[in-house]
Amino acid sequence: MENLEKAQRKLLKQLVDSESRAIEDSFFDSHENERQERIKESIRTLSDLIFKGTEIHPALTTPVEAKEVFPKYDGLPTSTIKQLEDKHEEALPDKAAGENDSTEEQNPEESE
């Protein structure tokens, strides 16, 4: 299992390296290591944010060509870990209904 994890980390590092270099080459004439490292950090940060559920959408007035560049979040993998249900939320509607009933009993003048 450790070997698989190491291989995935190595593959991910290579992917980030190559993508950061491609981004740098497409926008700048010369190569600078510091700039490439900043691009790598930006890729990692965006990756972490998207993994945590952040979505980036274009403005409403953005041309269609630019909108097509934005990621489609429907196809991204989600966590396979089952989440715990919040039983407190299920109890809130019943509790709120009970509070409304007790309020009516305390203020009989308002119901008349």
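The values are calculated or read from the model by the stated rules, or taken from the named source; none is laboratory data. All values reported here derive from a predicted model rather than from experimental measurement. Counting neighbours? That spans all protein chains shown, and the Cβs are built from the backbone with ideal geometry, glycine included.
A few points about this structure:
- For segment 22-106, the helices (runs of 4 or more DSSP H) that sit wholly inside it and include 3 or more residues that are touching a helix residue (DSSP H, G or I) at 6+ places or on another chain (Cβ under 6 Å) and either modelled with pLDDT of 90 or more or surrounded by 10 or more Cβ atoms within 10 Å (Cβ to Cβ) (or both) are 33-51.
- Members of segment 61-71 found to be under 20 Å from the mean Cα position of the chain (by Cα) and among the aliphatic types (A, V, I, L, M), listed by number: Val69
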